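Take a look at the structure set out below.
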Amino acid sequence: MASLTISSRDKVLKEVEIKKTLFVGREEGDIILKNPAVSARHFKLEKLGARFIIHDLNSTNGTIVNGEKVSTKELRSGDQIVVGQFVFKFDNPDEEQGAVDSFGSDDIGGMTMMLDPAKVQAMMGEKPGEKEAPVEKESAKLFLYQSSGAPKVLKIEKDTTMIGSSENSDIQIKGITIGRIAASITKTGDMYEITYQGGMAKLKINSAPVDKHKLENGAKFSIGSYNFEFRTEL
């Protein structure tokens, strides 16, 4: 299970397992740090399935990940988050185990095999030097419908795409009711899922508020006055 190890001045203070989305702050949250450098609500560590995304909550002193000030960032095992004098080390054994186990249980441990490329191609029914041209798969797209004119077409190319009023959003939409990160679209293989993140303007499917929804070709959703259509093919 993923965890955060919290330390200050090289002294480990606590280790917290990340079972759900966590909030960190000076006054409120799942992890309370009574220090002036920490804002009342400093950052949110969001658990999206097997992914973990950190969101700075408009803190005064900022949230630093691996030496870089961030607004929203997907975390990888080994990343370090710095808030004032506090260091949070993010560990995700599942991520590391996934990399190790990707060969499955039938791999040949400890053996090195030398294969003749021509023989391999013959086994695969190919002639030497003959390769099938790779097929490029088009990115999924969002169509943002406007009151006048043609819709805007926005590509979904990242594993996690953020929609909101923040300048750091992948897709920026404006309005006092729109959350800094209003919703996020996560891509797992060929599957896409949208999740409501925050703000007065709710994520709606068929005019009904939802927290999470699987996106399929032709799915329509709205955030405030913004209407979108998701497409994996035209």
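Note on the stretch 145-204 and the stretch 49-81: Cα centroid distance 19 Å, given to the nearest whole angstrom.
Take Lys44, Lys69, Lys187 and sort them by solvent-accessible surface of the protein heavy atoms, 1.4 Å probe, largest at the top.
Sorted by accessible area, descending: Lys69, Lys187, Lys44.
The packing ranking of peptides 210-222, 4-16, 76-88, highest mean first, is 76-88, 210-222, 4-16, where packing means the average number of other beta carbon atoms within 10 angstrom of each residue. The 3J(HN,Hα) values that the Karplus relation (6.51, -1.76, 1.60; θ = phi - 60°) gives for the stretch 207-224 are, in residue order, 6, 10, x, 9, 8, 8, 7, 6, 9, 10, 3, x, 5, 10, 8, 9, 10, x Hz. Gly and Pro appear as x.
In the structure shown, do any of Lys14/Lys174; Lys69/Lys187; Lys89/Lys141; Lys155/Lys202 have a Cα-Cα gap over 29 Å, and if so which? Don't jump to the answer; show the numbers that get you there.
Details: Lys14/Lys174 39 Å; Lys69/Lys187 25 Å; Lys89/Lys141 35 Å; Lys155/Lys202 22 Å.
Cα-Cα > 29 Å for Lys14/Lys174; Lys89/Lys141; rest within.
With a Förster radius of 25 Å applied to the C-beta separation of Gln146 and Ser207, the computed FRET efficiency comes to 0.85. Here is the tail figure for the stretch 140-232: Cα pairs spaced more than 22 Å apart come to 17 percent of all pairs.
How high is the relative contact order of the stretch 3-91, in percent, counting Cα pairs under 8 Å that sit 6 or more residues apart? Computed over the stretch 3-91, the figure is 25 percent. When a 1.4 Å probe is rolled over the protein heavy atoms, the share of accessible surface on the stretch 1-94 that falls to carbon and sulfur comes to 45 percent. Just the protein heavy atoms count here, and of the accessible area of the stretch 140-232 at 1.4 Å, carbon and sulfur take up 46 percent.
The values are calculated or read from the model by the stated rules, or taken from the named source; none is laboratory data. In this text the structure is predicted, and so the values were computed from the model without any measurement. When we count neighbours, we look across all protein chains shown, and the Cβ atoms used for this are built from the backbone with ideal geometry, even at glycine. Calculation scope for accessible area: heavy atoms of the full protein, side chains included, ligands and nucleic acids excluded. Shrake-Rupley method; radii C 1.70, N 1.55, O 1.52, S 1.80 Å.
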